[in-house]
Amino acid sequence: MVVVLMLGSFLGGLAIGGKEGREKARKEFFGGALLDKEKLPEYLSRDVDFNLFWKVWSLVQKNYVHQPVADTKLFYGALSGIVSSLDDPYSVFFDPETAEKFQQELEGTFSGIGAELGIKEKQLTIIAPLPETPAARAGLMAGDRILLIDGQDTTDMALDYAVSIIRGEKGTDVTLTIWREGWEKPQDFKITRDQIEVASVKWEMKGDIAYIEINHFNEDTSARFNQAVNELITKNPKGLILDLRNNPGGFLDTAVEVAGEWILKNVVVIEQRDDGEKIEEKSDGLARLQSLKTVVLINEGSASASEIVAGALQDYEKATLVGKKTFGKGSVQNFEPLEDGSAIKITVAEWLTPKGRQIDKEGIAPDVEVDLTAEDYNANRDPQLDKAILILSE
């Protein structure tokens, strides 16, 4: 699961659930049949006796060594346990405090170190350090494995808990023990937390080539991307580079809007439900860039909504993808605020590219593979960007 450090849950493919979906979910949870009983342990096929739940509740209240135990703590812990029992790292229950922080992250303002986290190969991993943040200034890189947080082992650590202990007040420090491929031993990074405010879209002209970087698909992306396109097309660029490297995702509808500047009134992504139902998300944009030669930069930190855009442009041959294979998060979550201020984010579908390619756990391979090594990074070289410029200059 990828989390904004900033920190919040990996936003990619986020779709706000509608009434119809909620009613369907209620029927599934409250009136559905238990399938594949033969594949389950025997105890999971029994009827549920809620007396057992209340007995455990009572035993904890009466016997736990550190008293008192707050009812609210047990209550929210139980709700969190319900969702975590799905064994889906992208389905999460947020208590009111965490839900508020998550909402702030969707708005692009948060406090933390400015990195995206995920669980990859069962290890807490840096998915993407955000530009001009404490994480980036400290030298963290996509793919770094976090072994310790302030000396605490992260093995089997829940992602939400990792988020909670990396978060902190502005000006305070957190020490991450990092292992990076090629290192002989881990290294400590002491990082001072700061208020993170990141504009999700940046743009400029690089000679006669337009360059747009999207580092997140959040609430300001559509407006800023539209502004970028308006400004850049007046300069009559020879080509365009769309940089989605280290972009962990965000809102599904925003990704569809962005892709709509290349894809005219056609399918951008297909949502596939568990029952086989497929929902096509079509572009409604002006496709102002459909005839402009385009290169999309991707890497291991490009995930979810980034993969939606990259996959669609690749399927329609609207762009050449350059870089490294993407992260491989191909699922859609509904974010449902609840009446007490808590919220649930739950996986409701997987997504496919317009040609039906499955991306979850597979990622999107670039058309032209170019690595960016630690040596390149330390020397301020960017061979991926150089290759993109070369392709557009030919």
Could you list which residues have their amide H under 5 Å from that of Val348, counting only those 5 or more apart in sequence or on another chain, with H placed in the peptide plane? Val332, Gln333, Asn334
Given (i) 38, 26, 18; (ii) 32, 25, 18; (iii) 48, 22, 21, the label whose value is semi-axes √(5λ) of the Cα gyration tensor in Å derived from this model: (i)
Round to the nearest 10 and give me the degree value, 0 to 90, for the angle of helix 383-393's Cα axis relative to the longest principal axis of the chain. 40
In whole Hz, with x marking every Gly and Pro, tabulate ³J(HN,Hα) for region 201-212 from phi via Karplus 6.51 cos²θ - 1.76 cosθ + 1.60, θ = phi - 60°. 10, 10, 8, 6, 9, 10, x, 9, 10, 7, 10, 10
Mean separation of Cα pairs under 8 Å and 6+ residues apart, divided by the residue count of region 105-229: what relative contact order is that in percent? 26
With a ≥ b ≥ c the root eigenvalues of the C-alpha gyration tensor of region 227-329, is it rounded (a/c under 1.5), prolate (a/b larger than b/c) or oblate? oblate
Charged-residue dipole, Cβ positions (Lys, Arg, Asp, Glu), region 97-177 about Cα centre, Debye nearest 20: 220
So for the pair Glu204, Phe50, with labels modelled 7 Å out along Cα→Cβ, what separation do we get in nm? 6.0
By its C-alpha gyration tensor, with a ≥ b ≥ c as the square roots of the eigenvalues, how is region 75-190 shaped: rounded for a/c under 1.5, else prolate for a/b larger than b/c, else oblate? oblate
Leaving out same-chain residues fewer than 8 places away, which aspartates and glutamates sit with a Cα under 15 Å from that of Lys235? Glu204, Asp208
Calculated FRET efficiency, Ala379 and Asp275, Cβ-Cβ r, R0 56 Å, to nearest 0.05? 0.60
Distance cut-off 29 Å, Cα to Cα: go down the list Lys122/Lys324; Lys278/Lys329; Lys55/Lys122; Lys122/Lys202 and report the pairs above it. Lys55/Lys122; Lys122/Lys202
With every protein chain left in place and a probe of 1.4 Å, what is the accessible surface of Phe75, to the nearest 10 Å²? 100
Could you give the size of the charge dipole of the chain about its Cα centre, using +1 on the Cβ of each K and R and -1 on the Cβ of each D and E, expressed in debye and rounded to the nearest 20? 180
Tilt relative to the chain, helix 305-315 - C-alpha long axis, 0 to 90 degrees, to 10: 50
Between Asp153 and His66, what FRET efficiency follows from the Cβ-Cβ distance if R0 is 30 Å, with the result rounded to 0.05? 0.85
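The values are calculated or read from the model by the stated rules, or taken from the named source; none is laboratory data. Please read these numbers as outputs of a predicted model, since none were measured by experiment. Note that each Cβ is placed from the backbone with ideal geometry, even for glycine, and that neighbours are counted across all protein chains shown. The accessibility values were calculated without ligands, DNA or RNA, using every heavy atom of the protein model including side chains. Shrake-Rupley method; radii C 1.70, N 1.55, O 1.52, S 1.80 Å.
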